[in-house]
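Student: Mind having a look at this structure? Questions to follow.
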Amino acid sequence: MGRIKALLARAVDGERLSGEEGQQLYYEADLLSLGRAADLVRRRLHPENIVTFVVDRNINYTNVCQSGCLFCAFYRREGDPEAYLLTHEEILAKIEELVAQGGTQVLIQGGLHPRLGLDYFTTLFREIKARFPVHIHSLSPPEIVHLARREGLSVREVLRQLKASGLDSLPGGGAEILVNRVRQVVSPRKIIWQEWVAVMVTAFELGMFGSATMMFGAVESPADRVQHILRIREVQDKTGGFTAFIPWAYQPGNTALGGKPVPVVEYLRVLALSRLLLDNVRNIQASWVTQGAKVGQVALAFGANDFGGTMLEENVVRAAGACHRVSPGEILRVIRDAGFVPAQRTTDYRIIRTF
């Protein structure tokens, strides 16, 4: 145990741990020691005792997707009775509701629709920016690659046109686990991990920023999870473009892949380890959407400093059976009860208002 204590102390002091050391902590550190160390790192990086959140809406413009990932319960094939594609007018109406509630961020994501071209998004983003003062944090790397292939353009050109039309930043969706052996099992028709990274790096080169995610608990090993975290860390070393890391647990309900839900203690272990290994990503987000408000609150003692979005709307995780809903008022209460000061932030983590 002396070795484990020494590793935790090094992480708390800001020293970088290797992948092998990360795996040692994963297998050998007890949960509370891991959590305590992650909490100390969090407090070193964020001594102001604030926990942030963003008022946002997640708009899924379509559930039609040609990828058909085995872990996804949301997608439908074109022609399916439940398939849909939102019009620009429907999306604008949703954003109007968001802005009326003080929202600042709109997250627009959907399936890889075989007939949806770049013009759908460039026109939409221009319409949004003409009408609303919101940050467009939208389109994950798989969607960007899909558009590039469909249009016969480079990823850089697609991102350039999207940015020119109003896209501000990219969410980290579609990362799953950044190990191709795992991706071949859970999402064999989606992009490989190198393509995910390439989209993010290109977006950062064009002056945008983004978040990074990790969906864990499907078929990967703890070593795969550590590898994923280290790949995020490597990109961050080179670019500095990630504002936050969001680990979230696989939801097996209604999926072709099936399996068992990730235990809460496993979620907290992965969260804490993320905080200890990602010494160059300032913000770690709790996933109340998959874990619920109570576990989200506990996550604030295991390295998380951000409570994510108010999520006026969310459909993908809900399709897999996770139906947690949290009102803005409850978010304030949960953060206060954990001993922190709640603060509303922008997408790039500037504080708008403290409560």
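The values are calculated or read from the model by the stated rules, or taken from the named source; none is laboratory data. In this text the structure is predicted, and so the values were computed from the model without any measurement. Quick reminder, even Gly has a Cβ in these numbers, built from the backbone with ideal geometry, and neighbours come from all protein chains shown.
Student: Restricting region 68-94 to residues that are touching a Lys or Arg at 6+ places or on another chain (Cβ under 7 Å) and not in a loop (DSSP other than H, G, I, E, B), which is modelled with the highest pLDDT?
Tutor: Leu92
Student: While we're here: Kindly indicate whether Asp39 is under 30 Å from Ala343 (Cβ atoms) and modelled with pLDDT under 95.
Tutor: On the way: under 30 Å from Ala343 (Cβ atoms): yes; modelled with pLDDT under 95: no.
No; evaluated as a whole, the condition is false for this residue.
Student: Sticking with this one: So Gly2 passes all but one of these: (1) without any contact (Cβ under 8 Å) to a residue 12 or more places away in the chain; (2) closer than 29 Å to Ile128 by Cβ. Which condition number does it fail?
Tutor: Every listed condition holds for Gly2 apart from (2).
Student: Of all residues in region 258-290 being in a strand (DSSP E or B) and touching a Leu at 6+ places or on another chain (Cβ under 9 Å), which is surrounded by the most Cβ atoms within 10 Å (Cβ to Cβ)?
Tutor: Across region 258-290, the extreme among qualifying residues is Ile284.
Student: Continuing with the same structure: So Thr243 ticks every box in (1) assigned to a helix (DSSP H, G or I); (2) over 17 Å from Val182 (Cα atoms); (3) modelled with pLDDT of 95 or more but one. Which box is left unticked?
Tutor: (1)
Student: Do you know which residues across region 1-56 are of a type in the set (A, V, I, L, M, F, W, C), within 16 Å of Pro222 (Cβ to Cβ) and assigned to a loop (DSSP other than H, G, I, E, B)?
Tutor: Passing the criteria: Leu17, Ala29.
Student: Please find, among Gly174, Gly210, the residue that is of a type outside the set (Ser, Thr, Tyr) and at positive phi.
Tutor: Within the list Gly174, Gly210, the selection yields Gly174.
This table checks each residue for (1) closer than 30 Å to Asp224 by Cα; (2) surrounded by fewer than 22 Cβ atoms within 10 Å (Cβ to Cβ); (3) not small (Gly, Ala, Ser).
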| position | (1), (2), (3) |
| --- | --- |
| Leu112 | yes, no, yes |
| Pro141 | yes, no, yes |
| Ser154 | yes, yes, no |
| Gln161 | no, yes, yes |
| Gly174 | yes, no, no |
| Ile177 | yes, no, yes |
